[in-house]
Amino acid sequence: MSATKLLKSPFILIPLVAGVLLPCAALLIVRFSRPANPQSSALVLKDAVVISGKPLPTTDLLALDGKKVPPDVLRKGKVLLVFLTTHCEPCQKEFKLLSSVQSETSLKIKIYGVGVEDKSLINDFIQQNEVKTEIVLDQRAELMKSLSVKYFPTSFLVEDGVIVKTWFGNSASRTHLLEHLGF
């Protein structure tokens, strides 16, 4: 049977389209989709795993002074967790914005950066970028893995221990960040 006849056969064509071509097309669409606003560097929510309506996993985090952060601290009220890496330019931009809104949002929301790198790299990042946001360490990347974080920065808005919103990339502006936070 020739290749042309083989590809026209419904027994070959349907599994080929369903099993290979559709998933590949879906990956390309997801990978390269961006918001309509070209000024925004935030990725569309479908670009990575979005976890909403699920409880925040319990893992051990450390403050930069080496003390354990009690898990219930991240489960009281409204909390924003932003995963970062020190070499990430969008992370630097996001933390400048977070620092700029910290004073006006601090009564309604607690903001934490979550670092997954060495403490000395995180401390250098804080000093170089004048970060005012509290940063905690996920030394074994347990929280990062349990939330399927693949892009930096990735932000999780948590209310009373439940993830209510997820977004990826840095916010386009201060106003955009405040909208994400519900202000």
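Values quoted throughout were computed directly from the atomic coordinates according to the rules given, and no laboratory measurement underlies them. Just so you know, these numbers come straight off a predicted model, no measurement behind them. So basically every Cβ, Gly included, is an ideal-geometry build from the backbone, and we count neighbours across all protein chains shown.
Loop-only check: which trypsin sites (Lys or Arg not before Pro) in the stretch 89-183 are DSSP coil with at most 16 other Cβ within 10 angstrom?
When the trypsin sites (Lys or Arg not before Pro) of the stretch 89-183 are filtered for loop state and at most 16 Cβ neighbours within 10 Å, 108, 132, 140, 150 remain.
Calculate the length of the line joining the C-alpha centroid of the stretch 77-120 to that of the stretch 145-183, in whole Å.
After rounding, the separation between the Cα centres reads 10 Å.
Where does the charge balance sit around residue 170 when Lys and Arg score +1, Asp and Glu -1, over other residues with C-beta under 10 Å from its C-beta?
With Lys, Arg at +1 and Asp, Glu at -1, the net is 0.
Grab the Cα-Cα distance for residue 130 and residue 96, subtract it from 0.36 nm times how many residues apart they are, and report the gain in nm with one decimal.
11.5 nm
Apply 1/(1 + (r/R0)^6) to the Cβ-Cβ distance of residue 120 and residue 148, taking R0 = 25 Å, and write down the FRET efficiency to the nearest 0.05.
Computed FRET efficiency for residue 120 and residue 148 comes out at 0.40.
Read phi for every residue in the stretch 69-84 and hand back ³J(HN,Hα) as whole Hz from Karplus 6.51 cos²θ - 1.76 cosθ + 1.60, θ = phi - 60°, with x for Gly and Pro.
My calculation for the stretch 69-84 gives 8, x, x, 5, 4, 7, 10, 9, x, 9, 9, 10, 10, 10, 7, 9 Hz in order.
Under 5 Å between amide hydrogens, which residues at least 5 positions from residue 113 or on another chain qualify, with H placed 1.01 Å from N in the peptide plane?
Here the answer is 82, 134, 135, 136, since their amide H atoms fall under 5 Å of that of residue 113.
Once you put a point 7 Å from the Cα of residue 139 and another 7 Å from the Cα of residue 73, both along the Cβ direction, what distance in nm separates them?
Result: 1.5 nm between the two label points.
Under 19 Å from a point placed 7 Å out from the Cα of residue 159 along the Cα-to-Cβ direction: which residues of the stretch 93-112 have their backbone N that close?
Zone members listed by number: 105-112.
Among residues other than residue 57 whose Cβ falls under 12 Å from its Cβ, what is the net charge (Lys/Arg +1, Asp/Glu -1)?
0
Only sites in a loop by DSSP and with at most 10 other Cβ atoms within 10 Å count here; which GluC sites (Glu not before Pro) in the stretch 88-183 make the cut?
Answer by residue number: 130.
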